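Q: Sharing a structure below in structure tokens format, with a few things to ask.
The values are calculated or read from the model by the stated rules, or taken from the named source; none is laboratory data. Keep in mind that this is a model prediction, so the values were computed, not measured. Methodologically, a virtual Cβ is constructed for each residue, glycine included, from the backbone with ideal geometry; neighbour enumeration extends over all protein chains shown.
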Amino acid sequence: MRQSGSVRLSLIWRSKLKNPEISDSLAIGQKYAGDIRIVMFVILNEGYEFNDDLKDKIKSVIREKTSPRHVPKLIFQVPPEGIPYTFSGKKVEIAITKFIHGISVANRSALRNPESLDFYEEIKEELK
């Protein structure tokens, strides 16, 4: 069983930063079928298309730069403001992790862009 604490998701972000296609990303560990699977959300730079080739490239870079354990099982493209941030500029992975696990995000007012959570509501069924 993959332990969420042992999967350092920050390693994913560092490795993905070398992909010119991606302007921002967020990765979470989702409890799934008795394990933890990595789910990644990406915002693309203008001019790039989200397709299977790009997903494969992202996975390849992460596998090469980190380890096979860090490779996301699922990758979703999110809208330009689709990654939640605090007012101080920190990504809020915990909000998405809770949301995906069916736990409501209590303090949306602490987010600079609370509307970013709307996207995750739309895809919640795909993550079951």
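Q: Search the range 35-50 for residues being among the charged types (D, E, K, R) and under 18 Å from E126 (Cα atoms), and hand back the single one that is farthest from the chain's Cα centre (by Cα).
A: Ranking the candidates gives D35 first.
Q: Mind listing whichever residues of the range 44-58 are buried (at least 18 other Cβ atoms within 10 Å of the Cβ) and closer than 28 Å to G102 by Cα?
A: Correct list: L44, I58.
Q: Taking only pairs six or more apart or across chains, which ones have beta-carbon atoms under 6 Å, a first residue in the range 17-34 that is hydrophobic (A, V, I, L, M, F, W, C), and a second residue that is part of a loop (DSSP other than H, G, I, E, B)?
A: Final answer for the pair search is L26/I83.
Q: Follow-up. Tell me which of these V61 doesn't satisfy, since it passes every other one: (1) surrounded by 15 or more Cβ atoms within 10 Å (Cβ to Cβ); (2) under 13 Å from the mean Cα position of the chain (by Cα); (3) closer than 14 Å to A27 by Cβ.
A: (2)
Rundown of residues vs (1) aromatic (F, W, Y); (2) at positive phi; (3) within 15 Å of the chain's Cα centre (by Cα), yes/no style:
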position	(1), (2), (3)
L74	no, no, yes
E81	no, no, yes
F87	yes, no, no
K90	no, no, yes
I94	no, no, yes
I100	no, no, yes
S104	no, no, no
A110	no, no, no
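Q: Something else now. Criterion first (buried (at least 18 other Cβ atoms within 10 Å of the Cβ), of a type in the set (F, W, Y) and touching a Pro at 6+ places or on another chain (Cβ under 8 Å)) does F99 satisfy it?
A: no
Q: Let me ask something else. Would you point out which residue out of F76, F50 is over 21 Å from K128 (Cβ atoms), among the hydrophobic types (A, V, I, L, M, F, W, C) and modelled with pLDDT of 90 or more?
A: Step by step, each of F76, F50 is checked, and only F50 is over 21 Å from K128 (Cβ atoms), among the hydrophobic types (A, V, I, L, M, F, W, C) and modelled with pLDDT of 90 or more.
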